[in-house]
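Undergrad: Next up is a structure, given as structure tokens.
The values are calculated or read from the model by the stated rules, or taken from the named source; none is laboratory data. Note that the structure is predicted; figures quoted are calculated from it, not measured. All Cβ positions, even for glycine, are placed from backbone atoms using ideal geometry, and neighbour counts span all protein chains on display. To get the accessible areas, we keep the full protein, side chains included, count just its heavy atoms, and leave off ligands, DNA and RNA. Shrake-Rupley method; radii C 1.70, N 1.55, O 1.52, S 1.80 Å.
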Amino acid sequence: MTKKKVSVIIPFYNGVGWLYEAVDSILSQTYDNFEIIVINDGSPEDVSGFLEKYKEKIVYHFKENAGPAAARNLALKLATGDYIAFLDADDTWLPTKTEKQIAFMEETGLKWSHTGYFNWFPEDDKLVDKDNSRDHGNVYVQSFISLRASTPAIIIRRECFLNHSEFFFFEDMRFSEDSSLWSKISYHYPLGLLKEPLIKVRQRGTNADLFSLIRFQSKTSIYSKIKEGVYKDVPKFVILIYQIYILQSHVLNFLSTKLKIGKDVLEFIGKVFWAFPFILERIYLKIITFNKDNTFVK
């Protein structure tokens with residue numbers, strides 16, 4: 001029986017040396033039916049060496065810089081596989097990732113799934129196993145609070161995109177454009193989890209989730225989509241928590257624009273502000289994930 005084709009979407013802007021590693025991790029998979037789509041999002045780097053090495057093995061497109069959401073949306077239009085997988089240009093897959101995940105989805109009939117993952121510190125090749133054991137099943141409400149579904153761990157049946165025109169990345173969002181799509185998908189389909197860590201997410205000091213000011217921007221972007229009516233049936237308590245974040249974000253903006261508070265001090269204040277709504281989120285998360293059904297986990 002012919003293996004289902006997997007279209008792998010890789011948006012790229014900088015770090016061409018890491019891009020080699022990402023593509024090599026796909027070519028080293030124990031699975032062997034791939035369509036690798038690399039979207040160069042206006043990178044100023046010289047990629048001639050990369051293209052010379054991989055030109056026969058990838059689908060490559062250059063576009064003007066518009067961010068990873070636009071790059072992924074373009075790749076979704078080009079994809080022809082039965083499954084859509086995502087890989088960031090600085091991350092890598094472990095060799096059995098695709099084989100195990102596709103087998104899991106074929107056995108269960110799941111429309112989308114993710115795997116466990118490692119945070120990877122390449123300086124000393126240190127791997128930290130991240131616990132995402134509660135992130136499966138009906139995760140719609142959970143997705144607005146905390147969903148540890150790393151983008152390079154996600155695989156989705158392409159039919160989902162063909163059947164839902166609303167399944168695309170928001171190109172006006174600078175951060176959390178991926179998790180915003182996961183929220184849209186999770187409203188319709190339960191999320192499967194293969195608990196084994198099968199990807200390495202590079203940690204390099206600039207990851208967006210390390211900075212409170214960026215996290216406030218993410219909350220603001222998601223709340224704007226909730227207000228627009230993009231998402232249905234969002235619990236009132238979740239909206240209340242977001243409103244607290246937005247109020248705090250306004251205060252931080254005032255401190256920055258009117259009082260000219262420096263970025264380092266703002267970052268410290270942001271971390272202090274973050275504590276209260278974060279605690280509310282953790283409590284609510286405990287409640288909604290208590291005694292979770294393990295039907296969609298392996």
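Undergrad: State, as an integer percentage, the relative contact order of the stretch 119-201 based on alpha-carbon contacts under 8 Å between residues 6 or more apart.
TA: Relative contact order comes out at 42 percent.
Undergrad: Which one of Pro235, Pro11, Pro197 has the biggest mean-square fluctuation once the chain is modelled by GNM with Cα springs under 10 Å?
TA: With Cα springs under 10 Å in the chain, the top fluctuation among Pro235, Pro11, Pro197 is at Pro235.
Undergrad: Rounded to the nearest 500, what is the 222 nm mean residue ellipticity of the chain from helices alone, with -39500 (n - 2.57) per DSSP H run of 4+ residues and division by all residues?
TA: Here the helix-only value at 222 nm equals -13000 deg cm²/dmol.
Undergrad: While we're on this one: Mind checking the angle between helix 97-108 and the chain's longest principal axis? C-alpha axes, 0 to 90 degrees, to the nearest 10.
TA: Around 80 degrees separate the two axes.
Undergrad: Once Lys and Arg get +1 and Asp and Glu get -1 on their Cβ, which of Gln217, Ser183, Ile241 lies farthest toward the positive end of the dipole of the stretch 177-298?
TA: It is Gln217, whose Cα lies furthest towards the positive end.
Undergrad: Summing Lys, Arg as +1 and Asp, Glu as -1, what charge do residues with Cβ under 9 Å from the Cβ of Glu159 carry, Glu159 excluded?
TA: The answer is +2.
Undergrad: Here's a follow-up. Under 8 Å for C-alpha pairs, at least 6 residues apart: give me the relative contact order for the chain, rounded to a whole percent.
TA: Reported as a whole number, the value is 19 percent.
Undergrad: Which far-off residues, 5 or more places away or on another chain, put their amide H under 5 Å from the one on Phe34, with H placed in the peptide plane?
TA: Val6
Undergrad: While we're here: Using a 10 Å Cβ count of at most 10 others and DSSP loop calls, identify the longest part of the chain lacking such GluC sites (Glu not before Pro).
TA: It works out to 124-227.
Undergrad: Additional query: Would you mind checking which residues have amide H under 5 Å from Phe86's amide H? H placed 1.01 Å from N; only 5 or more apart, or other chain.
TA: Ile9, Ile154
Undergrad: Given Cα pairs under 8 Å that are at least 6 residues apart, what percent is the relative contact order of the stretch 148-272?
TA: With pairs under 8 Å counted, the relative contact order is 21 percent.
Undergrad: Same structure again: Step through the table entries Lys100/Lys292; Lys5/Lys232; Lys4/Lys292; Lys4/Lys126; Lys195/Lys271, compare each Cα-Cα distance with 28 Å, and write down the pairs that go over it.
TA: Lys5/Lys232; Lys4/Lys292; Lys4/Lys126; Lys195/Lys271
Undergrad: Still on this model: Taking only Cα atoms, what is the 0 to 90° angle, nearest 10, from helix 68-78's long axis to the longest principal axis of the chain?
TA: Taking Cα atoms only, the helix is inclined about 40 degrees.
Undergrad: Take the alpha-carbon centre of the stretch 221-257, take the same for the stretch 18-51, and report the distance between them in whole Å.
TA: Comparing the Cα centres of the stretch 221-257 and the stretch 18-51, I get a distance of 37 Å.
Undergrad: I would also like to ask the following. Gap in Å between the Cα centre of the stretch 184-205 and the Cα centre of the stretch 106-158?
TA: Result: 2 Å between the Cα centres.
Undergrad: Quick one: which residues, 5+ away or cross-chain, put their amide H under 5 Å from the amide H of Leu198? H built at 1.01 Å from N.
TA: So Leu198 has HN proximity to Gly116, Tyr117, Phe118.
Undergrad: Hey, of (i) 0.95; (ii) 1.11; (iii) 1.01, which did the structure itself give for Cα Rg over 2.2 N^0.38 Å when calculated?
TA: Derived directly from the coordinates: (iii).
Undergrad: Sticking with this structure for a sec: If you fit an axis through the alpha-carbon atoms of helix 236-257 and take the longest principal axis of the Cα set of the chain, what angle between them do you get, 0 to 90°, nearest 10?
TA: On a 0 to 90 degree scale, this one is about 80.
Undergrad: Oh, and also: Please list 3J(HN,Hα) in residue order for the stretch 196-202, calculated via the Karplus relation 6.51 cos²θ - 1.76 cosθ + 1.60 where θ = phi - 60°; whole Hz, with x for glycine and proline.
TA: With the stated coefficients, the stretch 196-202 comes to 4, x, 10, 9, 10, 9, 5 Hz.
Undergrad: Under a Cβ-only charge scheme (Lys and Arg +1, Asp and Glu -1), can you give me the dipole magnitude of the stretch 132-185 about the Cα centre, in debye to the nearest 20?
TA: Computed about the Cα centre, the dipole is about 240 debye.
Undergrad: Taking only protein heavy atoms into account and a 1.4 Å probe, give the accessible area per residue of the stretch 150-298 in Å².
TA: So the stretch 150-298 comes to 54 Å² accessible per residue, rounded to a whole number.
Undergrad: Which trypsin sites (Lys or Arg not before Pro) does the stretch 193-282 hold that lie in a coil by DSSP with at most 11 other beta carbons within 10 Å?
TA: Answer in residue order: Lys232, Lys258, Lys260.
Undergrad: Tell me the chymotrypsin sites (Phe, Trp or Tyr not before Pro) within the stretch 240-295 that lie in a loop according to DSSP and have at most 14 other beta-carbon atoms within 10 Å.
TA: Sparse-neighbourhood loop chymotrypsin sites (Phe, Trp or Tyr not before Pro): Phe290.
Undergrad: Karplus couplings for the stretch 146-154 from phi (6.51 cos²θ - 1.76 cosθ + 1.60, θ = phi - 60°), rounded to Hz, Gly and Pro as x?
TA: Calculated HN-Hα couplings, in order: 7, 10, 7, 10, 5, 3, x, 8, 7 Hz.
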